[in-house]
Structures are given as C-alpha cells and as structure tokens.
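The values are calculated or read from the model by the stated rules, or taken from the named source; none is laboratory data. Predicted, not measured: the structure shown is a model, and the values here were computed from it. Glycine also receives a Cβ, built like all others from the backbone with ideal geometry; neighbour counts cover every protein chain displayed.
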C-alpha cells in the first residue's frame, strides 16, 4: 500500500510544482512499471512451488520403486528424481520415439489421466530380467510383442499402485492403469496446446540406466493445485503414523504364503536300487507307524505331529512345538 502524505507534505509538493522545482513528467516516469511479456501459447500454470512439491512427492515414489522393483526383477534398483518442468503436451509427445512404452493411468478420483513413459532400453532390460536373463538391453530398438507388453504391463501396474502413498498428503488416490500404448499418436489424452508438468526419474537396474517420465496435465491437477505447495505439504504430514506403518507391515507379513511339509521318514538306498525302482516296489523308512512326524516350515523343523486323515485327504495333527532355529 502506498504511503499516505500528510497535509504539510501535500502543501510542500504543491508549492514545488508551482515554483517549478519538480517536473511532473519526471515523477510520472519514475512510477511506471516494466511490462512483462505473456505467452498465451504457453501460459504459466505451474509455478516453481508446484514443481518443487511434485519433486518431493516423486522422490518418495522413487524410494518406493527402489524397494519394490527388486522383488520382481531380483536385482538392485536405484531411482532418483532428475528434474521437473512445465511444457505443452505437443512438445512432450513430439519428443517421444516410436515405439515407446506409455502407460495411460486414470488418476481417480481426479478428472482426467496421467501418463508414465518408460525408456526403451530400460523396458527391454526389464523384459530380459523377468524372463530369466541378465537384464541386458537390445542393441537395436524394435516393436514389442504381445508377451513383452503383457510383462511390462504388470510392472507398470506395480508402479501405479505405489503412487497412492506419496500423494496421500495431498489427495487420497485410487489410480488405475487403463492401457499401455506403444505409439504416441494413440495416447492423446488432452489437447496438444494444454500445459503439463513433466517429472523425470532416473532408474538404474544393475548396469542398465534409463529414464521414466511422468506426464501430469494441468487439467487433471486443477482441483488440487492450491494444495501443491510445500507449506500445505508439511502441515498435513502425519507425525504419528509410525504405529500404522508397523501394523501395515505386520498385516502384509501375515499374508505371506509359507511352505510346510510333513516328512514321513528317511531311507538310504544304493544307486542300483534307485535306478531299478518300479511301480509297486516298497521303500522301507526309518520311522514306525505310531511315531510322530517332523513338520518343517521352509527348511526349519517347527512342529511334531501324528498322521491321519480328514475329509478324504491325508492330514497331520500337531502334537508339539519345536523351538529349533529360534
């Protein structure tokens, strides 16, 4: 707000104008503000604060990817945010190669979609790793087969599910992967002139390094743009969620399948007897009919049990707990 002049200052100003000590044109020129150019083709819809907040969100997303991808690829993965920028959708799609892996994600409950683009060298390395290879990329990029697209779709579904937790402080998401496209022309989710934000992640799996670009249209995020600032982010962070996190981990562990086997007995035979075994031959074990069986969880003996049957199936009844291996 401009300063309010006192009556003495007003009288002095009028006296100065009357005597010619002040030049009105000079005073007017000093109050002129510089004109800033505005590009209507590239409206500034994403501020630096918005981009910085999305970097924080996807840094969290990158840590989740680093933890979860090795479960499927059986190889260490390192993920970090490279940069974020705002540009038009046409500029993004025109820079994409063909073929390319584009995951079209319905960003429920927000209106519209986002896109996840995976670099070709990284996608072929993931395919090779999922099929039992060393995770080597192809020397020459080619079209993807239906089986390869199915494998990549499963990996992208994993990535989409991991988006929920990083965005929780802003909005409770339920993102769903709708489809995977390999041609950018079939992935026109918004008008070419619409503004988008691109967050680039660098993913390193073993010795293979590639980029993942997350395309976030302004139309999709328009309802939550006021929440995309660091002040709101830190004010809504839950400080007491450590207990909930432990409960979540415990619940996940409780649903992990465990292999259990009941060993009827053991025996030692010669190689010649083993080679000549025929249907109907009897192998004598080192245990009696009434003796308790050893029950193994994995390779650790955990219980003893008696054999029996239930509902026309073989079964065992636990008789004691073994503390072996604890």
With criteria (1) in a helix (DSSP H, G or I); (2) at pLDDT 85 or above, residue 200 comes up short on (1)
Residue 299 meets each of (1) under 47 Å from the mean Cα position of the chain (by Cα); (2) over 30 Å from residue 165 (Cα atoms); (3) surrounded by 10 or more Cβ atoms within 10 Å (Cβ to Cβ) with one exception, condition (3)
Inside the stretch 126-142, the number of residues satisfying the requirement of being touching a helix residue (DSSP H, G or I) at 6+ places or on another chain (Cβ under 9 Å), surrounded by 13 or more Cβ atoms within 10 Å (Cβ to Cβ) and either at pLDDT 85 or above or more than 24 Å from residue 200 (Cβ to Cβ) (or both) is 4
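Checking the conditions here, which among 325, 240 is at pLDDT below 80, within 48 Å of the chain's Cα centre (by Cα) and surrounded by 10 or more Cβ atoms within 10 Å (Cβ to Cβ)?
Numbers: 240 fails: surrounded by 10 or more Cβ atoms within 10 Å (Cβ to Cβ).
Among 325, 240, only 325 is at pLDDT below 80, within 48 Å of the chain's Cα centre (by Cα) and surrounded by 10 or more Cβ atoms within 10 Å (Cβ to Cβ).
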Taking the stretch 156-165 and the residues there that are buried (at least 20 other Cβ atoms within 10 Å of the Cβ) and closer than 21 Å to residue 121 by Cβ, the one that is farthest from the chain's Cα centre (by Cα) would be 156
*Confirm whether residue 249 is surrounded by 12 or more Cβ atoms within 10 Å (Cβ to Cβ) and either modelled with pLDDT under 85 or within 27 Å of residue 60 (Cα to Cα) (or both).*
no
